[in-house]
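Peer 1: Here it is, the structure, as structure tokens.
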Amino acid sequence: MEDQVQKPQMPRIGDQAPDFDAATTTGPLRLSDYNKDSWVVLFSHPADFTPVCTTEMSAFAQEKDFFAERNTKLLGLSIDSIHSHMAWVNNVKEKTGVYFNFPIIADLDTKVSQLYGMLHENEDTTAAVRAVFFIDPKGTIRLIMYYPLNVGRNMEEIKRSLIALQTADENACALPVDWQPGDKAIVPPPKTLEEMDQRVNDDSVEKVDFYLAKKSL
Ligand code: BEZ
């Protein structure tokens, strides 16, 4: 049997976000400090001065108010130097007027990329894939997205995911497929036969059957 190569453990939903210190475009940053009392959206891009990445980073920058209004800080990352980041930020500002107004980690030694499983070596051995980690104010990873190098992420889905996570927390509920703000939420299914009988007779919720019921928030 061939020797099995041990793959690095990737953080998963529900894990404590691994802490790190990193050099960024806004100075040294420790995740646990940055994450104090606020959500953090940590996202990687493959490389500076590349077209898809420029569109994505510009979209994040243009949504800064959306994230700030939802107590959420942005944190970018790529395996590039701080000088490359600065030159790219300046270039995009000069050419398009969009300023990447959030810290971008210069992860040249791949420390953070490895810690967060952002290097998928069968996709690319030196560039991070397009990862998004939603980290709540307790430092727990709540949602993870991975996109390949050649497909840009969907900003509407990133925004919807953040609103959905916060809405589910605030209302202790689950949210159905394609849920959008204003839509009904899932009522937790009954856990006992007694609760099931109650649900069957409960006309205050929209019901398909006892296990699938929705209510307005
Ligand atoms: C891009 O952002 O355009 C890109 C980056 C790395 C590989 C392919 C595309």
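The values are calculated or read from the model by the stated rules, or taken from the named source; none is laboratory data. Bear in mind that the values here come from a model prediction, so they are computed numbers and not experimental data. Note that we place each Cβ from the backbone using ideal geometry, even for glycine, and neighbour counts take in every protein chain shown. When the accessible area is computed, the model is the full protein with side chains, heavy atoms only, and any ligands, DNA or RNA have been set aside. Shrake-Rupley method; radii C 1.70, N 1.55, O 1.52, S 1.80 Å.
Peer 1: Return the long-range amide H neighbours of LYS73 (sequence gap of 5 or more, or a different chain), with a cut-off of under 5 Å between placed amide H atoms.
Peer 2: Hits under the 5 Å cutoff: TRP39, VAL40, VAL41.
Peer 1: Run the dipole for the range 17-66 about the Cα centre, Lys and Arg Cβ at +1, Asp and Glu Cβ at -1, nothing else charged, and hand back the magnitude in debye, nearest 20. Could the numbers behind the result be given before it?
Peer 2: Values: 3 positive and 8 negative charges, 5 e Å.
That gives the range 17-66 a dipole magnitude of about 20 debye.
Peer 1: Could you give me the ³J(HN,Hα) list for the range 130-146, computed from phi with Karplus coefficients 6.51, -1.76, 1.60 and θ = phi - 60°, whole Hz, x at Gly and Pro?
Peer 2: Using θ = phi - 60°, the values come out as 8, 9, 9, 10, 9, 10, 7, x, 8, x, 9, 6, 10, 7, 10, 10, 10 Hz.
Peer 1: Rounded to the nearest Å, what's the spacing between the alpha carbon centres of the range 63-113 and the range 192-207? Just the number, please.
Peer 2: With the range 63-113 and the range 192-207 each reduced to a Cα centre, they are spaced 49 Å.
Peer 1: To continue, here is another question. Distance in nm between label sites at MET10 and LYS36, each 7 Å beyond Cα in the beta-carbon direction?
Peer 2: 3.2 nm
Peer 1: Also: Show me, for the range 200-216, the HN-Hα J-couplings you get by feeding each phi into the Karplus relation (A = 6.51, B = -1.76, C = 1.60, θ = phi - 60°), rounded to Hz, glycine and proline as x.
Peer 2: Karplus values, whole Hz, x for Gly and Pro: 4, 9, 8, 8, 7, 10, 7, 10, 9, 7, 4, 8, 10, 9, 10, 9, 6.
Peer 1: Next question. Given the options LEU74, LEU149, LEU175, which has the most mean-square fluctuation in a GNM of the chain, springs set between C-alpha atoms less than 10 angstrom apart?
Peer 2: Among LEU74, LEU149, LEU175, the largest mean-square fluctuation in the Gaussian network model of the chain belongs to LEU175.
Peer 1: Where the only charges are on Cβ atoms (+1 Lys, Arg; -1 Asp, Glu), what is the dipole of the chain about its Cα centre, to the nearest 20 debye?
Peer 2: Numbers: 22 positive and 33 negative charges, 84 e Å.
Magnitude of the dipole: close to 400 debye.
Peer 1: Send over a whole-number figure in Å² for the accessible area per residue of the chain, probe 1.4 Å. Working shown, then result.
Peer 2: Details: 12150 Å² over 217 residues.
On a per-residue basis, the chain sits at 56 Å².
Peer 1: On a C-alpha basis, how far is the centre of the range 34-52 from the centre of the range 141-168 in Å? Whole number, if you could?
Peer 2: For the range 34-52 versus the range 141-168, the Cα centre distance is 12 Å.
Peer 1: Per residue, what volume in Å³ does the convex hull of the Cα atoms of the chain enclose?
Peer 2: Details: hull volume 35.6 nm³, N = 217.
Spelled out: Cα convex hull of the chain, divided by residues, is 164 Å³.
Peer 1: Want the number for ASP202 to ALA172: 0.36 nm per residue separation, take away the alpha-carbon distance, what's left?
Peer 2: Between ASP202 and ALA172, full extension yields an extra 8.9 nm.
Peer 1: Under unit Cβ charges (Lys, Arg +1; Asp, Glu -1), what dipole magnitude, rounded to 20 debye, does the range 172-217 have relative to its Cα centre? Numbers along the way, then the final one.
Peer 2: Working: 6 positive and 9 negative charges, 28 e Å.
So the dipole magnitude of the range 172-217 works out to roughly 140 debye.
Peer 1: Over 23 Å between C-alpha atoms is what I'm after, so list which of LYS36/LYS214; LYS73/LYS214; LYS36/LYS64 land there. Don't skip to the answer; put the middle values down first.
Peer 2: Details: LYS36/LYS214 34 Å; LYS73/LYS214 32 Å; LYS36/LYS64 18 Å.
Flagged as over cut-off: LYS36/LYS214; LYS73/LYS214.
Peer 1: Give me the percent of the accessible area of the chain that comes from carbon and sulfur atoms, probe 1.4 Å, all protein chains in place. Working shown, then result.
Peer 2: Details: 6140 of 12150 Å².
Taking all protein chains in place, the chain shows 51 percent carbon and sulfur surface.
Peer 1: Right, next: Please list the non-local residues whose amide H lies under 5 Å from the amide H of PHE20, H modeled 1.01 Å from N, same-chain partners needing a gap of 5 or more.
Peer 2: It is LEU31, SER32, by chain and number.
Peer 1: So what are the ³J(HN,Hα) numbers for the range 32-48, from phi and the Karplus equation (6.51, -1.76, 1.60; θ = phi - 60°), rounded to whole Hz, Gly and Pro as x?
Peer 2: Whole-Hz 3J(HN,Hα) from phi for the range 32-48: 4, 6, 4, 7, 4, 6, 9, 6, 10, 9, 9, 9, 10, 10, x, 6, 5.
Peer 1: Ok, one more. For the range 102-209, build the charge dipole from Cβ charges (+1 Lys, Arg; -1 Asp, Glu) around the Cα centre, then report which of VAL200, ILE186, VAL132 sits farthest towards its positive end.
Peer 2: Final value for the positive-end residue is VAL132.
Peer 1: Among DSSP beta bridges lying fully in the chain, give the percent that are antiparallel, nearest 5.
Peer 2: Details: 22 of 31 bridges.
About 70 percent, rounded to the nearest 5.
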